[in-house]
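The values are calculated or read from the model by the stated rules, or taken from the named source; none is laboratory data. All values derive from a computational prediction rather than experimental measurement. For neighbour counting, all protein chains shown are included, and Cβ atoms are generated from backbone atoms with ideal geometry for every residue, glycine included. Note: accessible area is taken over every heavy atom of the protein model, side chains too, but ligands, DNA and RNA are not part of it. Shrake-Rupley method; radii C 1.70, N 1.55, O 1.52, S 1.80 Å.
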Amino acid sequence: MAASTAAAGAGASDSQGPASSVPSMDGPTVQYSSVLEHLIGDKRTVKELNPAVMGGLPVPPKSDEQKMIERGMESCAFKSLLACVGGFVLGGAFGVFTAGIDTNVGFDPKDPLRTPTAREVLKDMGQRGMSYAKNFAIVGAMFSCTECIIESHRGVSDWKNAVYSGCVTGGAIGFRAGLKAGVLGCGGFAAFSAAIEYYLR
């Protein structure tokens with residue numbers, strides 16, 4: 001009697017053993033899209049990269065003087081001043097170069113047969129270089145200032161800022177000669193700025 005009871009108990013345990021080893025399908029399933037959201041989606045946790053932990057040199061915190069210098073270098077006034085100086089140097093070099101290849105430098109219309117002296121040629125080259133330098137400096141300062149103001153107002157750094165700035169600069173320069181010249185200057189400078197931005201980007 002005891003043997004039959006033991007055999008029955010063993011049979012019952014054998015019948016329940018394989019069934020208990022099979023995993024239940026009623027549990028929660030993990031979706032592939034939710035895993036992607038945690039890996040590369042909006043739910044991804046961004047960890048701060050510490051150079052000391054990654055084996056690099058730790059970056060010391062910036063002082064107030066360094067922050068003030070950075071703010072000054074990023075200001076519109078500094079950018080305009082830098083563009084003005086760069087335009088002055090570039091315009092002066094361009095004016096001297098064009099005067100050097102011009103055969104009419106030092107030419108006196110009252111006495112066309114007279115050969116100009118070296119002093120007269122250098123004087124004309126200096127005057128042309130200074131004239132070009134002033135014009136380039138004004139254009140560079142106006143363009144840089146208006147571009148910085150437009151970029152600060154829009155809050156976006158793209159090619160449209162240069163186009164708007166070119167239109168404003170060209171229109172302001174050409175408007176001195178009339179409305180038609182201002183419109184042509186706006187369109188010409190805007191198209192030139194767009195071509196430069198397209199080439200650079």
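Please find the FRET efficiency linking Val35 to Phe192, where r is the Cβ-Cβ separation and R0 is fixed at 41 Å, and quote it to the nearest 0.05.
0.20
Decide, for the range 158-200, between rounded, prolate and oblate: order the square roots of the alpha carbon gyration tensor eigenvalues as a ≥ b ≥ c, take rounded if a/c falls under 1.5, and otherwise choose prolate if a/b is larger than b/c, else oblate.
Since a/c reaches 1.5 and a/b is larger than b/c, the shape of the range 158-200 is classed as prolate.
What FRET efficiency do you get for Thr98 and Ser152 if R0 is 35 Å and r is their Cβ-Cβ distance, rounded to the nearest 0.05?
The formula returns an efficiency of 0.45 here.
Sticking with the crude label model, points 7 Å out along Cα→Cβ, report the distance from Gln127 to Lys180 in nm, one decimal please.
3.1
In the full protein assembly as shown, how much of Asp124 is accessible to a 1.4 Å probe, in Å² to the nearest 10?
50
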